[in-house]
Amino acid sequence: MDKHIRLEHGSGGVLSRELVEQIIYPALKNAAYPALKDGTDVSCSPSMCMTTDTYVVDPIFFPGGDIGKLAVFGTCNDLAVSGARPQYISLGFIIEEGFPVADLSRVLSSIAEAAGEAGVAVVTGDTKVVGAGKGGGIYINSAGIGEKCFSGDLDPAGLHIGDAVVLSGPVGAHGITVLGAREGLPVGKSLVSDCANLFPLCNELFPFGASLKFLRDATRGGVAAVLNEIVAGLSVGILIRESDIPVSPDVEAAADILGLNALEVANEGVFVAVVSGDAADSAISKLAGHPAGKEASVIGTIVADPAGKVFLETRIGGKRMIDLPRGLLLPRIC
Amino acid sequence: MRLKAEMGINDRYHDRDIAQRLVEEIVELSGKLARQVRFMEVCGTHTVALRRHGIHSLLPPNVKLISGPGCPVCVTPSGYIDNAIRLIEEFDCTVVSFGDMVKVPGAGGGTLAGYLGSGRVRIVYSPSELSALAGVIKGPVVFLAIGFETTVPVVLAGFKKALADNRKNLLLYTAFKTVPAALEFLLADKSHRLDGFLLPGHVSVIIGRLAYAFLEENENVSGVITGFEPVDMLVGIKSLLQLVSNHETRVTNEYKRAVRDAGNPTARAIMDEFLEPYAARWRSIGNIENSGLRLLPRFSDFDAAAVFGLKDEMDTDAPGCLCGSVIQGKVVPSECGLFGTVCTPDRPVGPCMVSSEGTCAAYLKYGA
């Protein structure tokens, strides 16, 4: 096997076969699906959920994860917050000519480990190679399907004043870690991405039935984007309390130095849920039973006024708006 | 999660009880004044921090905070961007900049961001990266040296390192500005109706309290050097109100844990070693005497403006853009017809919407 990916590995010929048989199959095949086919029969229940997502993270490897782990958990999390148990995923690789095969193997082994943890089977896939300089090393598209296990309505139109806004864990770790790794910033060495499988946490909330009113993982745009999406166009607003928002001191310090707001930074293992006010305490204690949910907190409330907007009560008791994040994350200059 | 037991020294400056007591004192002081008082926060970092911590929402209605000219990106004339683009197009330079600057449109409408993909424009997070960068880039490398006194010594330290490393290809295109000169200019305009300045903590670390001594000679505008944590800023506002109540005009230091009377001698020495004052051009204001810092003549081989014979910067705002009035505190962003509609951080028209510390960006983001 070559040490670096060549254009011929995507040609459909001998080298394509070699790549698949020597590198990809051995890493990803499992007993139930011994061969990765162009199309694979899967068994389904009457009610299924399907999603797709594409991963282009730079750098490919970062503290706490890599593009492979993201591609599995990211897609699984989209299913989980839609009320479905992830079952099957596909993987489409776009690899840049010259990409080290050893790095590909590392990504594949991380995919296999994450799929094992999430209990999903990789059932089909595809590999393409683009010329040197025309891709960022490796991109992955991943579609997923899963069986619906929550039949309630997760549409924010059903929110009421007094409902509780729940955050499943500390904010900002993924985005700050990746930004730090990409730009070689002198941020805390202990910063680690929060990339995690959210289904077990979501599954704790599904039994709440109609008391669970909204669920969304807070990826790009962070918690700020999700909260704004919840109330956009609604006749209610959200008030959150800064002192109740879990954030690690390292993330807070790094965000402060870089002039960023941890609420606007991407997460890969944190969701926002809205539950009815009387279910809030019970929801938190359920989430806190899991390692990824031990810092779950009620961070705010659905309020009447101002409608369609998100406000923050600051630590000192002041109030200010939380807007949709804008622009790119560029550190301030002074 | 942050537990009380983990409360660090910094948390005292975020303490809700202390903040509430200060707010009560502010309400009491302002109540006795029975008129509106107007304080200008000079610094862009204050503009953002005041809003980020919701301090506006806690102030009585007769205490108005006005944002000043303290965002270096915002006070740089648009022609500076056009000149930076000329450095790339006509003189084959690689331009190195802090992040915000690359998004500002020049008078010709172009931005430096368009060159990021080709590598002709590079963003750095710290000037300490300059020497290494100049070592790996062929041809002239020009750093867009903008900023107030906070940034200047750091840029010069990076430049000095490059000189020591014999990087003859690293040049500076300077548009450094000084805060005291801007304050003198604002005071000279008698229509300002200001009662005091919240003076910038970071700049004051470098230049010291005594650099503002001239303020004590005017009749009714005091200055309080103020830090950036919520309790710092409330103390600054309270101190200004006390001075107004006592009819005193003074410059006081409420950021003593960082600022000394004489500033930072090491930082001031490196500024004196490389730079001289001159009448710099400010966006929409024109030239202000002694308000800029440029390389001394003996470093002219490293002065991009001299080496490439750059024209004096043009200074034109886009039609309808009120950035020039915003940076002087003459209008608030919502008075600009472009604010939040035509002009947003994603598609900025003027620099006050580009910079994260620009007044318009801060007002739009935090809703103040």
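Please treat every number below as a calculation from the coordinates, not as lab data. Predicted model, so just to flag it, every value in this text is computed and none were measured. Virtual Cβ from ideal backbone geometry, glycine too; neighbours counted across all protein chains shown.
Let me have the 222 nm mean residue ellipticity of chain A computed from DSSP H runs of 4+ only, each contributing -39500 (n - 2.57), with the sum over all residues rounded to the nearest 500.
Counting only the DSSP helices, I get -7500 deg cm²/dmol.
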| task | Can you work out the PRE-style zone for A:S285? Point 7 Å along Cα to Cβ, and I want the residues of the stretch A:203-239 with backbone N under 13 Å. | result | none
| said: Quick check: the angle from helix B:78-89's long axis to the longest principal axis of chain B, C-alpha only, nearest 10 degrees? | reply: 30 degrees
| message | I'd like the mean, over residues of B:53-65, of how many other protein chain beta carbons sit within 10 Å of each residue's own Cβ. | response | 3
| Solvent-free Debye scattering, log10 I(q)/I(0), computed from the Cα coordinates of the stretch A:1-113 at q = 0.09, 0.13, 0.21 Å⁻¹ | -0.27, -0.57, -1.32
| Kirkwood-Stokes translational diffusion coefficient of the stretch B:115-176, alpha-carbon pairs, 4 °C, 1.567 mPa s, µm²/s | 110 µm²/s
| task | Read phi for every residue in the stretch A:72-82 and hand back ³J(HN,Hα) as whole Hz from Karplus 6.51 cos²θ - 1.76 cosθ + 1.60, θ = phi - 60°, with x for Gly and Pro. | result | 7, 5, x, 5, 4, 5, 4, 5, 4, 6, 8
| task | Let me know the whole percent of all Cα-Cα pairs from chain A that are separated by more than 27 Å. | result | 48 percent
| said: Taking 8 Å as the Cα distance limit and 6 or more residues as the minimum spacing, I'd like the relative contact order of chain A as a percentage. | reply: 21 percent
| note | So for R0 = 60 Å, FRET eff. of B:R193-A:K134 from the Cβ-Cβ r, to 0.05, ends up at 0.50
| request: Enumerate the calculated ³J(HN,Hα) couplings along the stretch B:149-164 in order (Karplus 6.51 cos²θ - 1.76 cosθ + 1.60, θ = phi - 60°), each rounded to whole Hz, writing x wherever the residue is Gly or Pro. | output: 4, 5, 7, 4, x, 5, 4, 5, 4, x, 5, 5, 4, 5, 4, 4
| task | May I ask for the distance between the Cα centers of the stretch B:236-269 and the stretch A:244-293, given as a whole number of Å? | result | 39 Å
| field | Within chain A, percent of DSSP bridges classed antiparallel, to nearest 5 | value | 75 percent
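For chain B, what does the relative contact order come out to in percent, with C-alpha contacts under 8 Å and a separation of six or more?
It rounds to 22 percent for chain B.
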| message | Given an 8 Å cut-off on Cα distances and at least 6 residues of separation, report the relative contact order of the stretch A:7-148 as a percent. | response | 39 percent
| task | Among DSSP beta bridges lying fully in the stretch A:7-148, give the percent that are antiparallel, nearest 5. | result | 65 percent
| said: Report the rotationally averaged projected area of the stretch B:251-368 based on its alpha-carbon convex hull, in square nanometres. | reply: 10.6 nm²
| Point-charge dipole on Cβ atoms (K/R +1, D/E -1) for the protein assembly as shown, about Cα centre, debye to 20 | 680 debye
| Using r as the Cβ-Cβ distance of B:K160 and A:D244, and R0 as 41 Å, what FRET efficiency do you calculate, to the nearest 0.05? | 0.30
| task | Treat the count of other C-beta atoms within 10 Å as a stand-in for reagent exposure and order A:T54, B:T94 from fewest to most. | result | A:T54, B:T94
| query | For labels at B:K311 and B:D261 in the simple 7 Å Cα→Cβ model, what's the distance in nm? | reply | 5.0 nm
| task | Considering only B:A269, B:A145, B:A84, give the residue with the highest GNM mean-square fluctuation for chain B, with springs between Cα atoms whenever their separation is below 10 Å. | result | B:A269
| task | Taking amide H positions as placed in the peptide plane 1.01 Å from N, state which residues far from A:V192 in sequence (5 or more) or on other chains have amide H under 5 Å from it. | result | none
| query | Just how far, in whole angstrom, is the stretch A:1-65 from the stretch B:7-79 if you go by their alpha carbon centroids? | reply | 55 Å
| field | Cα centroid of the stretch A:68-110 to Cα centroid of the stretch A:164-201, whole Å | value | 18 Å
| field | Within the stretch A:261-300: backbone nitrogen closer than 11 Å to the A:L234 label point (7 Å, Cα to C-beta) | value | A:273-276
| request: Name the long-range amide H neighbours of B:C336: under 5 Å, sequence gap of 5 or more, or other chain; modelled H, no Pro or chain starts. | output: none
| Relative exposure of B:E149, B:E335, judged by other C-beta atoms within 10 Å (fewest first) | B:E335, B:E149
| Considering every pair of different Cα atoms, what Kirkwood radius, in Å, is found for the stretch A:156-321? | 15.9 Å
| Could you list, bin by bin from short to long, the percent of Cα-Cα pairs of the protein assembly as shown in 20 Å steps? | 16, 44, 32, 7, 0
| task | Sum up the charges of everything whose Cβ sits under 10 Å from the Cβ of B:S222, counting Lys and Arg as +1 and Asp and Glu as -1, but leave B:S222 out. | result | -2
| field | Label point distance in nm, A:D153-B:L116, each placed 7 Å from Cα along Cα→Cβ | value | 4.2 nm
| log10 I(q)/I(0), Debye, Cα-only chain B, no solvent, q = 0.07, 0.09, 0.10 Å⁻¹? | -0.31, -0.52, -0.64
| task | Just the number, please: percent antiparallel of the DSSP beta bridges in the protein assembly as shown, rounded to the nearest 5. | result | 50 percent
| said: What's the magnitude of the charge dipole for the stretch B:184-317 around its Cα centre, counting Lys and Arg as +1 and Asp and Glu as -1 at the beta-carbon? Answer in Debye, nearest 20. | reply: 340 debye
| query | If you rank B:T359, B:T249 by fewest surrounding Cβ atoms within 10 Å, what's the result? | reply | B:T249, B:T359
